[in-house]
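Take a look at the structure below.
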Amino acid sequence: MTGSDDIRLSEALAAIDVAQTIDALEAQRVAALGKSGWVSALLKTLGGMTPEERQVEGPRIQGLRAAVSDAIDAKKAALEAAALDAQLAREVIDLTLPAPAAPKGSIHPVSQVMDELAEIFADMGFSVASGPEIEDDWHNFTSLNMPESHPARAMHDTFYFPDEGPEVAGAPTRMVLRTHTSPVQIRAMTQQGAPLRVIAPGRVYRSDSDATHTPMFHQVEGLVIDEGIHLGHLKWTLETFLKAFFEREDIVLRLRPSYFPFTEPSVEVDVGWQDVNGRRVLGGDGDAPGHGWMELLGSGMVNRRVLEFAGLDPDKWQGFAFGVGVDRLAMLKYGMDDLRAFFDGDGRWLAHYGFDPLDVPTLSAGVGAKA
Ligand code: 2NL
């Protein structure tokens, strides 16, 4: 018995040694150690033995089992190591391959400037409001103290839709492409009430097209409503905004009386500039020699009639508002000289003037990190 078992063992070990696959090895395991394997059969005979026989046969059969099991484990480790070596040899990385093409997109200067504006005004407690670009004429004109007959309506070169729109404030209305973002602020006042601090950046439309006008352009308006608001608050806010935006402390403002139907009094805001190597650079007193003034913003105290249209009591609440062209701000800050190129979608222009998508404007890092 012992002799034939030794032969079976050496045959099993030889078969394990020549196994080329995990499957072949598994077949050897089943043949020896499986339910009806020869080692398992030997183990079963232990039950019918005398204690004396079992004392000799037990360790001998367990020895056979361990010899087969150890040989299988060792062979399995060797086969797995060989398989890994083969895989590593197959999966070579060619480090001489060129890197994948870098992404080509960039952030349009108008988007960048709007992000900068949101960041600067957020720091002064303003939130950003938005609204429809297709407006009814009540929100675009009537509520801003521009009734049907008002000459300012004609001045706005409005794009009208052909059909009559829904009734608004009890009267039929026509739909227009908004000519300013003021209607967004009317909606903010109506929906959020007072006190209120919002800016409304976005696209606006006027039927006007030449070297300095495009039928679509971008505007940002700002509105503050609270008790006891006066022109001093307006001037401080615009000064603080322009200093942060142009990243210079020497910005000087000049306020001139003007007229807008929606503000009373109305104020035109000029910014001082100086000549630096033949270029106009903002900053400094515009009245100094070699300096001048540039008209930049329109603003004023919100007309009491506009507050009433928006459902606010003008004896309790006062406010100031302002409007400025975003495209113009971008040109002044980043040095483009042709407005029309903004909307041509020319990849070379965008590559030159566009911003890194990761270059997000923040007050802590500077709102205009890279031109
Ligand atoms: C300009 C002038 C301005 C406003 C916009 C405004 C909005 C409301 C009430 C009162 Cl809801 N006013 N906006 C006020 C003054 C001027 O824009 O020249 N924009 C480019």
Residue by residue, what Karplus-based ³J(HN,Hα) values in Hz, rounded to whole numbers, does region 268-279 have, using 6.51, -1.76 and 1.60 with θ = phi - 60° and x for Gly and Pro? 8, 10, 9, 10, x, 10, 9, 7, 10, 6, x, 10
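Pull out a ≥ b ≥ c, the square roots of the eigenvalues of the alpha-carbon gyration tensor of region 219-312, then state rounded if a/c is under 1.5, prolate if not and a/b is larger than b/c, and oblate in the remaining case. Numbers along the way, then the final one.
Values: a/c = 2.84, a/b = 2.25, b/c = 1.26.
Because a/c hits 1.5 or more and a/b exceeds b/c, region 219-312 counts as prolate.
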Among Thr240, Ala27, Pro151, flag the residue with its Cα farthest along the positive direction of the charge dipole of the chain, charges on Cβ as +1 for Lys/Arg and -1 for Asp/Glu. Ala27
Give the angle, between 0 and 90 degrees and rounded to the nearest 10, that separates the Cα long axis of helix 231-246 from the longest principal axis of the Cα atoms of the chain. 50
With no solvent and one point per C-alpha, what does the Debye sum give as log10 I(q)/I(0) for region 280-371 at q = 0.12, 0.16, 0.19, 0.20 Å⁻¹? -0.68, -0.92, -1.01, -1.04
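Is the shape of region 3-90 rounded, prolate or oblate, going by the alpha carbon gyration tensor and its root eigenvalues a ≥ b ≥ c, with a/c under 1.5 for rounded and a/b larger than b/c for prolate?
On the way: a/c = 3.09, a/b = 2.97, b/c = 1.04.
Taking the square roots of the gyration eigenvalues as a ≥ b ≥ c, region 3-90 is prolate.
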Give the relative contact order (percent, whole number) for the chain; include only Cα pairs under 8 Å separated by 6+ residues. 15
Whole-percent pair-distance distribution, where bins are 20 Å wide, for the alpha carbons of the chain: 22, 34, 9, 10, 18, 8, 0
Relative contact order (percent, whole number), region 154-303, Cα cutoff 8 Å, 6+ residue spacing: 14
Gap in Å between the Cα centre of region 279-324 and the Cα centre of region 119-145? 16
For Ser130, list long-range residues whose amide hydrogen, built 1.01 Å from N in the peptide plane, is under 5 Å from its own amide hydrogen. none
Identify, among Leu255, Pro183, Ser364, the residue whose Cα sits farthest towards the positive end of the charge dipole of the chain, taking +1 on the Cβ of Lys and Arg and -1 on the Cβ of Asp and Glu, with the dipole about the Cα centre. Ser364
In degrees, nearest 10, the alpha-carbon axis of helix 2-18 is tilted away from the dominant principal axis of the alpha carbons of the chain by 30
Give me the dipole magnitude in Debye, nearest 20, for region 3-90 about the Cα centre, with unit charges on the beta carbon: positive for Lys and Arg, negative for Asp and Glu. 220
Got a sec to turn the phi values of region 84-92 into Karplus ³J(HN,Hα) couplings, 6.51 cos²θ - 1.76 cosθ + 1.60 with θ = phi - 60°, whole Hz, x for Gly and Pro? 5, 4, 5, 5, 5, 5, 6, 8, 7
For region 334-345, in residue order, the Karplus 3J(HN,Hα) values (coefficients 6.51, -1.76, 1.60; θ = phi - 60°; whole Hz; Gly and Pro = x) are 10, x, 6, 10, 10, 5, 4, 4, 4, 10, 7, x
Taking Cα centroids, how far is region 36-86 from region 190-213 in Å? 86
Where does region 111-200 land on the Kirkwood hydrodynamic radius, alpha-carbon pairs, in angstrom? 14.3
Treat every Asp and Glu Cβ in region 163-299 as -1 and every Lys and Arg Cβ as +1, leave all other atoms uncharged, and give the resulting dipole magnitude about the Cα centre to the nearest 20 debye. 240
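Out of region 94-177, which trypsin sites (Lys or Arg not before Pro) are coil in DSSP terms and have no more than 10 other C-beta atoms within 10 Å? Intermediate results must be reported in sequence, preceding the final value.
Numbers: sites: Lys104, Arg153, Arg174; in loops: Lys104.
The qualifying sites are Lys104.
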For region 327-371 and region 96-113, what is the centre-to-centre distance using only Cα atoms, to the nearest Å? 14
Ignoring ligands, DNA and RNA, what accessible area per residue does the chain give at 1.4 Å, in Å²? 54
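In region 282-371, which trypsin sites (Lys or Arg not before Pro) fall in coil by DSSP and have 13 or fewer other Cβ atoms within 10 Å?
Numbers: sites: Arg304, Arg305, Lys316, Arg328, Lys333, Arg340, Arg348, Lys370; in loops: Lys316, Lys370.
Taking region 282-371 and a limit of 13 other Cβ atoms within 10 Å, the loop trypsin sites (Lys or Arg not before Pro) found are Lys316, Lys370.
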Are there any GluC sites (Glu not before Pro) in region 125-174 that are in a DSSP loop and have at most 12 other Cβ atoms within 10 Å? List them by number. Glu148
Run the accessible area of the chain with a 1.4 Å probe and give the carbon-and-sulfur part as a rounded percent. 55
For the chain, calculated [θ]222 nm from helices alone, where every DSSP H run of n ≥ 4 adds -39500 (n - 2.57): -12500 deg cm²/dmol
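The values are calculated or read from the model by the stated rules, or taken from the named source; none is laboratory data. Model, not experiment: these values are computed from the prediction. Using ideal geometry, Cβ is built from the backbone for each residue, glycine included, and neighbour counts are taken over all protein chains shown. The accessibility values were calculated without ligands, DNA or RNA, using every heavy atom of the protein model including side chains. Shrake-Rupley method; radii C 1.70, N 1.55, O 1.52, S 1.80 Å.
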